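The values are calculated or read from the model by the stated rules, or taken from the named source; none is laboratory data. None of the values given here were measured: they were computed from a predicted structure. In this analysis, Cβ positions are derived from the backbone assuming ideal geometry, glycine residues included, and neighbour counts consider all displayed protein chains. These accessible areas exclude ligands, DNA and RNA; they are computed on the full protein's heavy atoms, side chains included. Shrake-Rupley method; radii C 1.70, N 1.55, O 1.52, S 1.80 Å.
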Amino acid sequence: MNRVERWTSRVLLVGGVLGVALMVVGVLGSALRTERGTADSIVSVHQIGIALSHRPIDPLGFAALGIVALFVTPLAAVATAGVAFYLEGDRRFVAVSAVVVATLLLSLWFGGA
Amino acid sequence: MSPLLFVTAILLTSTVAGVAGAILGLGGGILLVPVLTMFFGVDLRGAMGASIVSVIATSIGAAGAYLRSGLSNIRIGLFLAMATVSGAIVGAALVGVVPERALELILGGALAYSALVTLRQLNLDVPEDPPYDALALRFGLEGAYYDATLDREVKYRATRVRRGAVAMFGAGVLSGLLGIGSGAFKVLAMDYFMRLPMKVSTATSNFMIGITASASAAIFFGRGDIRPVIACPVAVGVLGGAYLGTRLLSRLRNTTVRKIFLPVIVYLAAAMVFCGLGVHLP
């Protein structure tokens, strides 16, 4: 396994574990909590910030942060692959990775996210 | 149903979806959406939100392991992702312009044809000596993996890359236009057009589906369709299932994977044709 595969699989592993851990903490915390939080459904990064800065902290904020972490992980993996390709001197695949990341960001913009 | 039983049942279903997704290169939504809506009373939007979580979790859980084992080819995945993500943007821009039913009929027909092709090469284990392709050579779209069932290293290289990229673009258009995952099309494009071993096709598809799904995930999240109470057990179950699936795939023959894959595309073809005719299958 070369650097590209090693780094990319590591980013996928860390992102997956982090995302799921945050979701589990959020959902368990929310289930154990009797007091109503800041929001029943968090639908933006801004609302995650509000939920986590609220006192007491709304555990659903952690769950939503975990969901976002899961979604960002593939994008982070591609960006990491691009860096690894650069260090290996593979300029063609640096360009390919950059095109994929740019197109993904463009699609997010089209989606109004 | 008590909340504990509800979560446990979703967790078990998602584990099965994760195993199937990791072996077949699909997101698992094909299994999850009908089960969540029919047996758990989750509304369609909530089920589709859970499905997108399932696609990404399958991809993360399976692709990491497949990259380590050499089954997933990151160069082929990224090269084809350019076509798929571009297609998804075009598809999203065509929403409301192209009649969806006509498209569903065309794609259903294409899938039915692909099913016939898959049937013809059902017993083909590893494609032998495919013709050289200039694009594949320039971008190094080749690789090798150790096949435990054959007890040898299998070397492969992609061919007919342009056709594969066009098929991937079509898969992307489908994703953007209809809001569905297109893992089946990705696997077919790599298996049929590019003559990659079936296991490499499903493993590389696993890497790609996460990339394309992350583009649409933000939209689902922003609409409030992803509910943590459902998404959390789905993600945990699918990640665990995907890990189990990666262990299983290494012990399966390419022909076995193709035999498991065939009924799935037959079902998808039928579902798409019926959808185009205005009849919705579960």
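At 1.4 Å probe radius, can you tell me the per residue accessible area of the protein assembly as shown in Å²?
That works out to 42 Å² per residue.
What distance in nm separates the simple spin-label points at A:Leu18 and B:Leu116, each placed 7 Å from Cα in the Cβ direction?
4.9 nm
What spacing in nm lies between the two simple spin-label points modelled at A:Leu105 and A:Arg91, each 7 Å away from Cα in the Cβ direction?
Once both label points are built, they end up 2.2 nm from each other.
Rg (Å, one decimal) plus Dmax (Å, integer) for the alpha carbons of chain B?
17.9, 59
Which percent of the accessible heavy-atom area of segment B:139-282 goes to carbon and sulfur, probe 1.4 angstrom?
63 percent
Calculate, in nm to one decimal, what B:Val98 and B:Thr37 gain on full extension: separation in residues at 0.36 nm each, minus their alpha carbon distance.
Full extension of this stretch gives 19.2 nm more.
Starting from the exponent 0.38 and prefactor 2.2 Å, build the expected Rg for the protein assembly as shown from its residue count and divide its actual Cα Rg by it.
Relative to the rule-of-thumb radius for its length, the protein assembly as shown sits at 0.94.
Check the straight Cα-Cα distances from B:Lys155 and name the aspartates and glutamates below 12 Å, setting aside those fewer than 8 residues away within the same chain.
Partners within reach: B:Glu128, B:Asp129, B:Glu142, B:Asp147.
At a Cα cut-off below 15 Å, give the aspartates and glutamates reachable from B:Lys259, other chains included and same-chain residues fewer than 8 away excluded.
Qualifying aspartates and glutamates at Cα under 15 Å: B:Asp125, B:Asp191.
Taking a point 7 angstrom from the Cα of B:Arg251 along the C-beta vector, which residues in segment B:58-80 have backbone N less than 16 Å away?
none
Using a Gaussian network model of chain A whose springs link C-alpha atoms within less than 10 Å, name the residue from A:Ser30, A:Ser97, A:Ser53 with the highest mean-square fluctuation.
With Cα springs under 10 Å in chain A, the top fluctuation among A:Ser30, A:Ser97, A:Ser53 is at A:Ser53.
Do any GluC sites (Glu not before Pro) in segment B:98-165 lie in a loop, going by DSSP, with at most 11 other beta-carbon atoms within 10 Å of their beta carbon, and if so which?
B:Glu128
To the nearest hundred square angstrom, how large is the accessible surface buried between B and A, total for both chains, probe 1.4 angstrom?
Interface between B and A: roughly 3600 Å².
Compute the long axis of helix A:60-87 from its Cα atoms, compare it with the longest principal axis of the Cα atoms of chain A, and write down the angle in degrees, 0 to 90, nearest 10.
The two axes meet at around 10 degrees.
If I build a Gaussian network model for chain B, linking alpha-carbon pairs within less than 10 angstrom, which residue out of B:Tyr145, B:Tyr243, B:Tyr132 has the largest mean-square fluctuation?
Comparing B:Tyr145, B:Tyr243, B:Tyr132 in a Gaussian network model of chain B, the most mobile one is B:Tyr132.
Pick from A:Leu60, A:Leu87, A:Leu32 the residue whose mean-square fluctuation is largest in a GNM of chain A, springs joining Cα atoms under 10 Å.
Greatest mean-square fluctuation among the candidates belongs to A:Leu32.
Using R₀ = 22 Å, calculate the FRET efficiency as 1/(1 + (r/R₀)^6) where r is the Cβ-Cβ separation of B:Glu128 and B:Leu262; round to 0.05.
0.55
I want to check the label-to-label distance for B:Leu150 and B:Thr8. Put each point 7 Å from Cα in the C-beta direction and report it in nm to one decimal.
It is 4.4 nm.
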